[in-house]
Amino acid sequence: MGDVLFLILRRLRAPLLTLIVVYAISVGGLTLMPGVDANGQPARLGFFHAFYVMSYTATTIGFGEVPHAFSEAQRAWVILSIYLSVVGWAYAVGSVFALTNDATFRAAVSRGVFAWRVRGIAEPFFIICGYGQSGSGLARALDDMGIGLVIIETRPERAAKLAIEDYVTSPLVLCADAKLPDVLEVAGIHKPECQGLMALAGDDAANQAIAIGARVLNDGLRVVARAKSQVAQVNLESFGGVTVINPFETFATNLALDLGSPEVLRLEEWLTSAPGSECPSRINVPRGTWVLVGFGRFGRAIAEVLDRAGISWTAIDSDQALPEQERLLAGDNTEKVLRDAGIAAADVLVAGTDVDAVNLGVTTLARRVNADLFVVIRQNDVNDSILIQAAKADLRFVQADLVVHECLQELKTPMLGRFLLRARSEGGAFAARAIERISDSVGTGSPRAWTFHCDVMQPGIFGAFFQNPGESLPLRLLCRDVSAPDHALRVTPLMVERRAETLLLPGPEVELKPGDRVLFVGDDFARRVQQRYLMEPGAIEWVRSGVEPPRSWVFRRLMRRRLARTEQ
């Protein structure tokens, strides 16, 4: 709030000095004016009485003449003082109103209140830089998960929109440039409650500056940044510590998975969907001939995937400045150009320009020539979603939805992201086996994912490893219900991470070790039950043996003595 106080003192310096001068003249003059007391003797007001009279006279215009009736000279001076004070107060009040309407002052007040509220946050929160389509979608998804938000947006109209939107927990919003380090510091980047930062501005340069600045200010913070160009992506990846999301390459990668390992794509989509979503079916994109309309970043990313898959393609783009290529036609997106590109014999059309109207028009023209086309359409503006849906394309690319999906995958359970990367390298057979195992134990609805850490600092894990020497901790025990050990939880272990190795789809008899991290998927009930294994000292032993172990040192000694006598 120091900036606010500085602005007040600077902008109201002249009005305050004017009031001080007016009061000084009025009070000083009133002490010099001759008067009479109740007995008719000459008397003058003291400084205290003069200041008292001028205080209520200049503000309420009348309260009485004290300590006795004024003389004509005193009344004349009070009249002059009244007019002087009215002018002084009018000047001061007008300056205050002008200050409250000043953009700089309002920004300083807003920033001061924002900083004060951020300092009071005691729950985990994320910082979102940029409240466009991706930022707003991610904010709503995180709000639905009960996670606090701090949003930084440069455009005042977007920041103001948050005040009227319906959130379970209202985000803290600051209209400022997140590229500035002091803005990130005010947003709470150093607070231990800050769980991560997402740079989702519309400009790659801004996202680079935000992500790098966040890593410099807090090198242990989880940072996710969107980058549309390969240059920005390479820069951020080479800097290190930043998870980069390129929506064009991500969509192209998904297409490559559907063409080569569709089961891997099904597994990814299922595990990262909203809880309860059914396991998606294969997209089954045809491998035949492709026609790409629009050869910008989106079209080139798809073309690279098609080249690696050995699929033939032809591209159309209206930009005459593009370098000539054998498979690139320069021209408007007319029916003649589409025919020249071979749309009549093509199997797939990608309407991928950055103008929704053009994509819709191209789709209509192409279907007139070839009604059996598999259509992939790009949606750029959220306001055009109804029109894009009306086109009934086989596959839609919505950049904002894809970015939100990837961010949630990274933020919710980082271990899940590492598992999915391993699943890609393992191939379709592994993914099919994982889907089958999850479906058998959890069901067909999309499960929740969480990490179980065998942390010996937790009382339940400490007891499992150290209070019963010689006893192992098989993975199957964590899949049982504490209240009914014979009942299996709706849960599936997908991966065990330890220092020396990583186990994929571990079996029930895998012995856990201190420090292991286990990736589970299942329902909320199973996740809550597993929290008891962490917090309750005897929970694992109860599930293992059916006997609740003694918890105090005295009773453990007595138990060991009784067991020793029994063995003898």
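The values are calculated or read from the model by the stated rules, or taken from the named source; none is laboratory data. Everything quoted here is computed from the prediction, not taken from an experiment. So basically every Cβ, Gly included, is an ideal-geometry build from the backbone, and we count neighbours across all protein chains shown. Just the protein is used for accessible areas: all its heavy atoms, side chains included, with ligands, DNA and RNA removed. Shrake-Rupley method; radii C 1.70, N 1.55, O 1.52, S 1.80 Å.
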>> Given the condition free of Cβ contacts under 8 Å to residues at least 24 places away in the same chain, touching a Lys or Arg at 6+ places or on another chain (Cβ under 8 Å) and not in a loop (DSSP other than H, G, I, E, B), answer yes or no: does some residue in segment 164-181 qualify?
In response: no
>> Quick check on this structure: which one of Ala50, Ala69 is among the hydrophobic types (A, V, I, L, M, F, W, C) and either over 26 Å from Leu16 (Cα atoms) or within 60 Å of the chain's Cα centre (by Cα) (or both)?
In response: Ala69
> Which of (1) among the small types (Gly, Ala, Ser); (2) under 30 Å from Val183 (Cβ atoms); (3) modelled with pLDDT of 90 or more is the odd one out, the single condition Gly2 does not satisfy?
Replying inline: (3)
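Going by the conditions given, is Arg418 closer than 28 Å to Ala256 by Cα, out of contact with any Lys or Arg (no Cβ under 9 Å at 6 or more places or on another chain), charged (D, E, K, R) and at pLDDT below 90?
Here the answer is yes, as Arg418 does meet what is asked.
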>> For the condition without any contact (Cβ under 8 Å) to a residue 24 or more places away in the chain and surrounded by fewer than 21 Cβ atoms within 10 Å (Cβ to Cβ), what is the one hit in Asn254, Asn235?
In response: Asn254
>> Please pick out the residue among Val376, Val403, Val362 that is out of contact with any His (no Cβ under 8 Å at 6 or more places or on another chain), open to solvent by less than 30 Å² (accessible area, probe 1.4 Å), part of a strand (DSSP E or B) and modelled with pLDDT of 85 or more.
In response: Val376
> Where residues in segment 182-195 are in contact (Cβ under 8 Å) with a residue 24 or more places away in the chain and out of contact with any helix residue (DSSP H, G or I) (no Cβ under 8 Å at 6 or more places or on another chain), which of them is farthest from Ile210 (Cα to Cα)?
Replying inline: Glu193
>> Please verify whether Val27 is at pLDDT below 90, of a type in the set (A, V, I, L, M, F, W, C), farther than 17 Å from Val93 by Cβ and open to solvent by less than 50 Å² (accessible area, probe 1.4 Å), treating the condition exactly as stated.
In response: no
> Of everything in segment 460-503 that's part of a strand (DSSP E or B) and of a type in the set (D, E, K, R), which residue is nearest to Pro537 (Cα to Cα)?
Replying inline: Arg480
>> Out of the residues in segment 505-518 meeting the condition of being open to solvent by 40 Å² or more (accessible area, probe 1.4 Å) and either over 20 Å from Gln531 (Cβ atoms) or among the basic types (Lys, Arg) (or both), tell me which one is nearest to the chain's Cα centre (by Cα).
In response: Arg517
>> Condition first: among the aliphatic types (A, V, I, L, M), surrounded by 14 or more Cβ atoms within 10 Å (Cβ to Cβ) and either part of a loop (DSSP other than H, G, I, E, B) or at pLDDT below 90 (or both). Now tell me which residues in segment 271-308 satisfy that.
In response: Leu271, Ile283, Val285
